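Structure record follows, encoded as structure tokens.
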2 protein chains.
Amino acid sequence: MIHYAVEKRGQEIWLAERRYEPRFALKTESVFAQCNGYMGVRASHGLSVLDGRRGMFIAGFFNRAYEEESTELVNCPDVTEYLLKLDGEVVYPDRASILGYERRLNIQTGELFNKIRLKLDSGLELEVTDRRFASMEDQHLFVQKIIITPLNGTIQKGELVTGINGQQTNSGVSHFHKIDCRVYEKQFLHVTGYLPEDTLSVLMDCSYSNSGEDTKEFLLKRRGVFGRYTFHTTEGESWNYEKYVYIQKEEDRTELEFQKEKLEEYRRSGYESAFGKHHEKMRSIWKQAEIQIQGATLEEDAAIKFAQYHLIGMMPWHRSDCSIAAKGLTGEGYKGHVFWDTEIFINPFFLYTFPEEARNLLEFRYRGLDAARDKAEAYGYQGAMFPWEAAKTGKEETPLYAALNIHTGKANKVWSGIKEHHVTADIIYAIWQYYTMTGDEDFMQNCGYEMIFEAAAFWTSRARWDEARGCYVIEDTIGPDEYTEHIDNNAYTNYMARYCINLAVTLAEKLERNQPRLYQELCQKLNLQQYMKGWVDVADKIYLPVPDTNLIIPQDDTFLTKKRLTNIEKYKKSQIKQAVLLDYSRDEIVNMQVLKQADVVMLLNLFPHMFPEEVVKKNVLFYEERTIHDSSLSYCAHAQACASIGQIELAWEFFKRCLVIDLDENPNDSTDGIHAASLGGIWNCVVFGFAGINYEDGQLNISPKMPEHWKEMQCYIQVHGHEIQVRVSNQEVALKRGDGWEQPLPVRINGKVFILEDSLKVMI
Amino acid sequence: MIHYAVEKRGQEIWLAERRYEPRFALKTESVFAQCNGYMGVRASHGLSVLDGRRGMFIAGFFNRAYEEESTELVNCPDVTEYLLKLDGEVVYPDRASILGYERRLNIQTGELFNKIRLKLDSGLELEVTDRRFASMEDQHLFVQKIIITPLNGTIQKGELVTGINGQQTNSGVSHFHKIDCRVYEKQFLHVTGYLPEDTLSVLMDCSYSNSGEDTKEFLLKRRGVFGRYTFHTTEGESWNYEKYVYIQKEEDRTELEFQKEKLEEYRRSGYESAFGKHHEKMRSIWKQAEIQIQGATLEEDAAIKFAQYHLIGMMPWHRSDCSIAAKGLTGEGYKGHVFWDTEIFINPFFLYTFPEEARNLLEFRYRGLDAARDKAEAYGYQGAMFPWEAAKTGKEETPLYAALNIHTGKANKVWSGIKEHHVTADIIYAIWQYYTMTGDEDFMQNCGYEMIFEAAAFWTSRARWDEARGCYVIEDTIGPDEYTEHIDNNAYTNYMARYCINLAVTLAEKLERNQPRLYQELCQKLNLQQYMKGWVDVADKIYLPVPDTNLIIPQDDTFLTKKRLTNIEKYKKSQIKQAVLLDYSRDEIVNMQVLKQADVVMLLNLFPHMFPEEVVKKNVLFYEERTIHDSSLSYCAHAQACASIGQIELAWEFFKRCLVIDLDENPNDSTDGIHAASLGGIWNCVVFGFAGINYEDGQLNISPKMPEHWKEMQCYIQVHGHEIQVRVSNQEVALKRGDGWEQPLPVRINGKVFILEDSLKVMI
């Protein structure tokens, strides 16, 4: 169930909170956040309230405050808060009577609309409206409009105090070693925040209705500068205040004069004009991204679009110097780090819809290649070993130790940065998906080949020849299911490793044949020829867990020998994530057949045609029974897997749960940010799972597995730089190519290959 | 007018806030703070409210967070807050209906008593009582008791979450580079905060009424650890929770086992027992400190005792490694720095009442002597130049630049650290007061002589021979009146400089005669003989502004030539401090006869017998007319001065204003801490001003100038290690010596000398 009301107004869909719900404050701040890929601004109330945690996060703006802390996305100066004092009384929603309330997020435009009617102690009734957006037309721009209307009397002396507040911290940790505050031309407020390796410039201009008697003055406080604007207004007459904020980190910094001109231009044209430009840009994005589903309920439609809104808002468009964090730009959770989530769960949306952005995400990994080489070397491996958690660079950012165990005083080692290696294959998987779907030779020549070869070198050195078993093994690792640490031959990891090495071998041979000069260059740089023999050997002889007599692929060497967790249903139903860890120690968990999240199932999703259908089916059901879904990555994976095996009802059950992962009725979810990977997973379920669209090794496949009530789905996908309109139902697949195609495209529909020329319609 | 209600309950006086007044939140947090000299805990509400700023400050616990920030008293982890959730509803006073409210400070014991009756949305009516004190018996101990009583129903599931929260910052600046959180024996919470040069250990134990079904669990959050305690209680039945917190910085750190034992002992004995021990200690302090005034109103009595409560609470008893800050331990104001306030305004209370503490304050300066020598050398002077602002060491902590001017972007230079030199004489004045009143040879031999000689060396090098005038001049300085910067021959400074040098010359000669060995040691160490000739010359020939034909002592060389500020009354009456700076630039102010605070008047207070009565009178009235009293140090100085010239009514006017400097009806005063110097000034007014008690150069003088309605005043003063009970009225002075005296003591009463043997009563 979606906790929020879903409202359709004209063509636009809003999520709405219809009454003041402080319990949901932190969650709604994340869910309703204004994000344009450059900045994410939590949807905190403008007026100060008891609950909530303000936050503005700028993509790639990281810092490590102290040696003992991790590098984290900095909580930047706040620009959303305002203090409103009416004839001496400060207006606080928590202290007033709330006569009316609505707070809405437009999931197409990302505009926040907040209207509250209050009755003050003085008897004055008042309406305060607050609208905001982070512009997609100019990603440095944040705009907020405040409208104050007395409903039953006069405001003799109104005071609004607002500005730029640099006292924000990341939960009590400050990052800026210096914050300079300025006022230019008695008009622009400016704050510069200094980190050791970056700066942030926040410039603000404003306009407001002026009766002539109104005054403004500027206040300097520690780490912040504010304007105090007075006004006078009478019953029913609105006083309007518009705030234009221009935000740039060091590398994007333009001349201040240029920024001022920009802001003046926006200010003179007004909120609606700036919003109009933003809206136009958003429309063009949606044109490419929109999924139309006939038969879907408004709630389903809203939740899918909501996922896309945040996917769009978390992408640092047109740049590859930063990537997508596990919470996007909506909160402090996971410290803004980049995980495998980006390649496996989030990249597909961009690959199919905005492939140039998928390239940017992969280029970000290429920028970290040297650091990945260093990590491999530090651990005694060859090639490149990508970080489990990345921030701005490719350096491993996973802390070596978790917080002290409060009872023992010992810090538990965090093994994922040391032992969870599959990310180095996940990235390669995404590269190959990208290349086969786009044919982007340029990327491959500049980044792709090198990364693939280096990953192969890593995996080759990572595998150990086991004389007794007569094969290569990968020991002491962690697969996607993090409830089993230090296991040998994790199926997901071993298959992915072989995939990597095989791909490298194939590409090396192909390059030698077709692009000898490039091949020679790479040989010299990477010492390919020395390594390649080893690759072939490992690829040939790596141990791959095969289905046992019950057709089950063992998750690892010992998984099937372990006992089951008898009362797993208790934890599957628990509102509290990882409740199982309250009853069992980690050591006990490791020794049971209990999964935090999809593991073998992930493998089946990535390679839907690797195993016979019967094997896929058996394994999906077998492992689901043993999975608590304690990770937000799990429901979407299982939904997609169940759809692919035709278990539509079960798929739907999982899909419903993943669809509301940020929108459900649990106020404690998403408080420190939305679940970026799961939002990507929603798109994957819809497109890969239900529409059954899948591009594998240069082959577009479509095998619809639509839920009963979804009559037809339409979306656009990009193949080799060109658009295909796809319409699917359980009865028909219709394809239409965009302009500019030259070659006919073979498409396998429910297993049978057709040739798409201009258009194609196949009954199934 | 005192903003707070004054309540007498038995023998004890309370200041009370009788209704919930959020406007006064910040002020009342300072004013009602629990301070025992080791810690100061702002009197924030336990339940979270919209207004207020929590703070715990530990004497001498300083840090400089960034190179660009100043060293400041660290806002330490909070232990006062608790979250209360009753059957799912979080209790917030701001969101509930407030049915009853009282919040009181016992100004004798420092106990905070807070009782609030709330009606929740659920209909439940509830009383929450919160009592706290910082123990004077064991200065590391802070105790809080919370009592929760449902008034009209049952609490099925109550939850109290409280603990140690290290997310506190100094207005957005964090100091601890690491915070470790622990739970010992599933009972004690422990937080260790690490600064580069210090640590803070906060250990907490608790007890609570337990129905048997109640549970507790521990929560680790970033930078904090908390207990969650559940309870069940029915109408009229109270649930009690007591929290015992043990706080130690590195240098005081005892074994954790010892601390645990201490806390367990306190916990087992309970709140009342711990409070009883604290109360006993406070009683013994008050026995020495109390001033009884017959005829004083309850409000006057309360305000005087309030001043003493905070004086007692700001003194880091029994140690000299830290001193008293301008805001005591009650807020972030002035960053916890130590000014001349300590020697001139605060030290007298301790000198007359607890002389060993006066010595500690002076020893703190001695510890900073090397740094003062360095400062002198850095500025090209000889001897020692004490810092205008000190923190933990004697290093100058005054920032070189103020915050950027927000309009020009230029940082104004802060001249006080560079040019306000009189502190180096103020300290010497306090030393000599201390020595003459206590006869503490040990202090003089170990600290005093050296400081006096080094100060004399400084002043000698600071003065310049003016050939034209034929005298030594002190140019380009700042006197106590900071509205005149860069002036020459400030009367206060020149007289104090000469005082210093003269004292050094006299003492050097006396030492050479009486303690030749010590003299030789000091000669060698300080190169006395080389300098002394210069001292005699400067002392003889330094320019001292003398009364002009109108008997006015010129504040500096040019003051009397400047024009007056015509509309000074406007600024004298202004609620806003330093409002004159909004209308005039600093340059304009410097060129007018307008004073921020007492300057020549301060000189007359320190040396009441230096000038004929007529001169004193003329000058006090002349300068008061030109003084805005924009410093909290000004009213008390003028009150004392007016009393001394017999202008009792005028004295009373000023006294009334200084008496309520922290208690008045302006909610914006004292928000970042109480005014420590002014509280000392209240004591000075009462004892030096109205009682007319004064100890000058070994002579006790008493010349009562009591306000009409004060019939009689009684206090105790300490002279040469012995107590004298002093009772004065405008008609009579009665003295009684404590035990242990041997020598008769000459006392000058209204100018006539009497000899005090056991007791003495003189009609006047």
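The values are calculated or read from the model by the stated rules, or taken from the named source; none is laboratory data. Quantities reported herein were computed from a predicted structural model and do not represent experimental measurements. When we count neighbours, we look across all protein chains shown, and the Cβ atoms used for this are built from the backbone with ideal geometry, even at glycine. Ligands, DNA and RNA are stripped out before the accessible areas are found, and what is left, the full protein with its side chains, is counted by its heavy atoms. Shrake-Rupley method; radii C 1.70, N 1.55, O 1.52, S 1.80 Å.
Residues in the stretch B:60-97 that are more than 17 Å from B:D672 (Cβ to Cβ) and among the hydrophobic types (A, V, I, L, M, F, W, C): how many?
Residues that pass the stated criteria total 9.
Only one of these conditions is not met by A:G212: (1) over 24 Å from A:F32 (Cα atoms); (2) more than 14 Å from every other protein chain (Cβ to nearest Cβ); (3) assigned to a strand (DSSP E or B); (4) not charged (D, E, K, R). Which number is it?
So the condition that A:G212 fails would be (3).
Could you grab me the full set of residues in the stretch A:486-498 that are within 24 Å of A:G439 (Cα to Cα) and either free of Cβ contacts under 8 Å to residues at least 12 places away in the same chain or open to solvent by less than 40 Å² (accessible area, probe 1.4 Å) (or both)? Break it down into steps so the answer makes sense when it comes.
Taking the stretch A:486-498 and keeping what is within 24 Å of A:G439 (Cα to Cα), we get A:496-498.
Within the stretch A:486-498, A:M496, A:A497 qualify.
Is there a residue in the stretch B:501-522 that is in contact with a strand residue (DSSP E or B) (Cβ under 8 Å, 6 or more places away or on another chain) and surrounded by 15 or more Cβ atoms within 10 Å (Cβ to Cβ)?
Checked the stretch B:501-522: at least one residue is in contact with a strand residue (DSSP E or B) (Cβ under 8 Å, 6 or more places away or on another chain) and surrounded by 15 or more Cβ atoms within 10 Å (Cβ to Cβ).
Condition first: in contact (Cβ under 8 Å) with a residue 24 or more places away in the chain and either surrounded by 17 or more Cβ atoms within 10 Å (Cβ to Cβ) or touching a Gly at 6+ places or on another chain (Cβ under 7 Å) (or both). Now tell me which residues in the stretch A:168-183 satisfy that.
Within the stretch A:168-183, A:Q168, A:T169, A:N170, A:V173, A:S174, A:H175, A:F176, A:I179, A:C181, A:R182, A:V183 meet the criteria.
Determine whether the stretch A:539-558 contains at least one residue that is hydrophobic (A, V, I, L, M, F, W, C), over 30 Å from the mean Cα position of the chain (by Cα) and part of a helix (DSSP H, G or I).
Checked the stretch A:539-558: at least one residue is hydrophobic (A, V, I, L, M, F, W, C), over 30 Å from the mean Cα position of the chain (by Cα) and part of a helix (DSSP H, G or I).
Taking the residues in the stretch B:55-75 that are within 12 Å of chain A (Cβ to nearest Cβ) and assigned to a loop (DSSP other than H, G, I, E, B) as candidates, determine which candidate is farthest from B:D321 (Cα to Cα).
Only one residue fits best here, namely B:E68.
List every residue pair whose Cβ atoms sit under 7 Å apart, with the two residues 6 or more apart in sequence or on different chains, where the first one lies in the stretch A:472-485 and is under 15 Å from A:H629 (Cβ atoms) and the second, anywhere, is buried (at least 19 other Cβ atoms within 10 Å of the Cβ) and aromatic (F, W, Y).
A:P480/A:Y492
Of all residues in the stretch A:198-209, which are open to solvent by less than 10 Å² (accessible area, probe 1.4 Å) and either touching an Asp or Glu at 6+ places or on another chain (Cβ under 9 Å) or at the interface with chain B (Cβ under 10 Å from one of its Cβ atoms) (or both)?
Within the stretch A:198-209, A:L200, A:S201, A:D205 qualify.
Consider B:V686 carefully, then state whether it is of a type in the set (V, I, T) and either surrounded by fewer than 16 Cβ atoms within 10 Å (Cβ to Cβ) or assigned to a helix (DSSP H, G or I) (or both).
In short, yes.
Just to be sure, is A:E712 among the acidic types (D, E), within 24 Å of A:E649 (Cβ to Cβ), open to solvent by less than 80 Å² (accessible area, probe 1.4 Å) and in contact (Cβ under 8 Å) with a residue 12 or more places away in the chain?
Considered against the rule, which asks whether it is among the acidic types (D, E), within 24 Å of A:E649 (Cβ to Cβ), open to solvent by less than 80 Å² (accessible area, probe 1.4 Å) and in contact (Cβ under 8 Å) with a residue 12 or more places away in the chain, A:E712 comes out as yes.
For the stretch A:390-436, give me each residue that is in a strand (DSSP E or B) and open to solvent by less than 10 Å² (accessible area, probe 1.4 Å).
Across the stretch A:390-436, the qualifying residue is only A:A390.
Collect the residues in the stretch B:721-739 that are outside any strand (DSSP E or B) and either touching an Asp or Glu at 6+ places or on another chain (Cβ under 6 Å) or surrounded by fewer than 16 Cβ atoms within 10 Å (Cβ to Cβ) (or both), keeping them in residue-number order.
Across the stretch B:721-739, the qualifying residues are B:G721, B:S729, B:Q731, B:G738, B:D739.
Checking the conditions here, which among B:L220, B:L195, B:L189, B:L151 is away from chain A (no Cβ under 14 Å) and of a type in the set (A, V, I, L, M, F, W, C)?
B:L151
Please name all residue pairs, on different chains or six or more residues apart, with Cβ atoms under 7 Å, provided the first residue is in the stretch B:571-588 and is touching a residue at least 12 places away in the same chain (Cβ under 8 Å) and the second residue is open to solvent by less than 60 Å² (accessible area, probe 1.4 Å) and aliphatic (A, V, I, L, M).
Cβ pairs passing all conditions: B:Y571/B:A579; B:Y571/B:V580; B:Y571/B:I628; B:K572/B:I628; B:V580/B:I589; B:V580/B:V594; B:V580/B:I628.
Please tell me if A:S273 is free of Cβ contacts under 8 Å to residues at least 12 places away in the same chain, under 19 Å from A:M136 (Cβ atoms) and out of contact with any Phe, Trp or Tyr (no Cβ under 9 Å at 6 or more places or on another chain).
Details: free of Cβ contacts under 8 Å to residues at least 12 places away in the same chain: yes; under 19 Å from A:M136 (Cβ atoms): yes; out of contact with any Phe, Trp or Tyr (no Cβ under 9 Å at 6 or more places or on another chain): no.
No: the conditions fail for A:S273.
Being within 14 Å of another protein chain (Cβ to nearest Cβ) and on the phi > 0 side of the Ramachandran plot, is that true of even one residue in the stretch A:410-432?
Applying the first criterion (within 14 Å of another protein chain (Cβ to nearest Cβ)) to the stretch A:410-432 yields A:410-412.
With the extra rule that they be on the phi > 0 side of the Ramachandran plot, the set shrinks to none.
For the stretch A:410-432, residues within 14 Å of another protein chain (Cβ to nearest Cβ) and on the phi > 0 side of the Ramachandran plot: absent.
May I ask you to list the residues in the stretch A:740-758 that are exposed (fewer than 12 other Cβ atoms within 10 Å of the Cβ) and assigned to a strand (DSSP E or B)?
Within the stretch A:740-758, A:K752, A:V753, A:I755 meet the criteria.
Please determine whether any residue of the stretch A:154-166 is more than 8 Å from every other protein chain (Cβ to nearest Cβ), touching an Asp or Glu at 6+ places or on another chain (Cβ under 9 Å) and not in a strand (DSSP E or B).
Yes; the residues of the stretch A:154-166 include at least one that is more than 8 Å from every other protein chain (Cβ to nearest Cβ), touching an Asp or Glu at 6+ places or on another chain (Cβ under 9 Å) and not in a strand (DSSP E or B).
Condition test on B:G236, is it without any contact (Cβ under 8 Å) to a residue 40 or more places away in the chain and either open to solvent by less than 10 Å² (accessible area, probe 1.4 Å) or closer than 30 Å to B:P150 by Cβ (or both)?
No; evaluated as a whole, the condition is false for this residue.
Could you give me the residue pairs with C-beta distances under 8 Å whose first residue belongs to the stretch A:277-299 and is on the phi < 0 side of the Ramachandran plot, whose second residue is part of a helix (DSSP H, G or I) and open to solvent by 20 Å² or more (accessible area, probe 1.4 Å) wherever it lies, and which are 6+ apart or on separate chains?
If the second residue must be part of a helix (DSSP H, G or I) and open to solvent by 20 Å² or more (accessible area, probe 1.4 Å), the pairs left are A:I293/A:E300; A:I293/A:D301.
Look at the stretch B:598-619 and say how many of its residues are part of a loop (DSSP other than H, G, I, E, B), touching a residue at least 24 places away in the same chain (Cβ under 8 Å) and either open to solvent by 10 Å² or more (accessible area, probe 1.4 Å) or among the hydrophobic types (A, V, I, L, M, F, W, C) (or both).
Of the residues in that region, 6 qualify.
Please count how many residues of the stretch B:224-283 are of a type in the set (K, R) and within 14 Å of chain A (Cβ to nearest Cβ).
Residues in the stretch B:224-283 being of a type in the set (K, R) and within 14 Å of chain A (Cβ to nearest Cβ): 1 in total.
Could you list all residues from the stretch B:1-46 that are open to solvent by less than 20 Å² (accessible area, probe 1.4 Å), of a type outside the set (K, R), part of a loop (DSSP other than H, G, I, E, B) and under 28 Å from B:F350 (Cα atoms)?
Correct list: B:I2, B:Y4, B:F32, B:A33, B:N36, B:G37, B:Y38, B:A43.
Can you tell me how many residues in the stretch B:581-605 are in contact with a helix residue (DSSP H, G or I) (Cβ under 6 Å, 6 or more places away or on another chain) and of a type outside the set (V, I, T)?
The total comes to 7.
Of all residues in the stretch B:559-578, count the ones that are in a loop (DSSP other than H, G, I, E, B), of a type outside the set (A, V, I, L, M, F, W, C) and more than 23 Å from B:N489 (Cβ to Cβ).
Our first condition is that a residue be in a loop (DSSP other than H, G, I, E, B); within the stretch B:559-578, this holds for B:562, B:565-567, B:574-578.
Then keep just the ones that are of a type outside the set (A, V, I, L, M, F, W, C); that gives B:562, B:566-567, B:574-575, B:577-578.
Keeping just the survivors that are more than 23 Å from B:N489 (Cβ to Cβ) gives B:566-567, B:574-575, B:577-578.
Number satisfying all stated conditions: 6.
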